[in-house]
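We did not get these values from a lab; they are worked out from the coordinates using the rules stated. Because the structure is a prediction, the values reported are computed rather than measured. Note that each Cβ is placed from the backbone with ideal geometry, even for glycine, and that neighbours are counted across all protein chains shown.
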Amino acid sequence: MKDYRDDFVAHLEEQETTAIPNLNVPYLLTAFYYGKVKSSFPALQAESFLPVHFDRYYDGCLKQANYVLQQVNAGRHGLSAKA
């Protein structure tokens, strides 16, 4: 994941394609630790800015990222992206 970030994400202007690493393990680790932190610190549960369900929050962020990617790709090719 670090190599992907360092080699591709940091130099987007140099490459148009790359092999995206599998993010299943980092996702599962993040979800696990998010649950642990929430259960270990009950005061955090009262904070309204924290998502109640990590998986729903992640899915929403992923949808938003896909939408932005479509907009960027459409702009590169002079097309209008569908919402």
At 7 Å along the Cα-to-beta-carbon direction for both Glu47 and Ala19, put a label point, then send me their distance in nm to one decimal. 3.8
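Subtract the Cα-Cα distance of Leu29 and Asp59 from 0.36 nm times their separation in residues, and report this length gain in nm to one decimal.
Values: separation 30, 0.36 × 30 = 10.80 nm, distance 1.58 nm.
Gain on extension, Leu29 to Asp59, equals 9.2 nm.
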Cα gyration tensor of the stretch 22-83 - equivalent ellipsoid semi-axes, whole Å, descending: 33, 14, 7
Under Karplus coefficients 6.51, -1.76 and 1.60, residue-wise ³J(HN,Hα) of the stretch 26-40 in Hz, glycine/proline x: x, 4, 5, 5, 5, 4, 4, 5, 4, x, 5, 5, 4, 6, 7
Using a Förster radius of 30 Å, what is the FRET efficiency between Lys36 and Gln70 based on their Cβ-Cβ separation? Nearest 0.05, please. 0.30
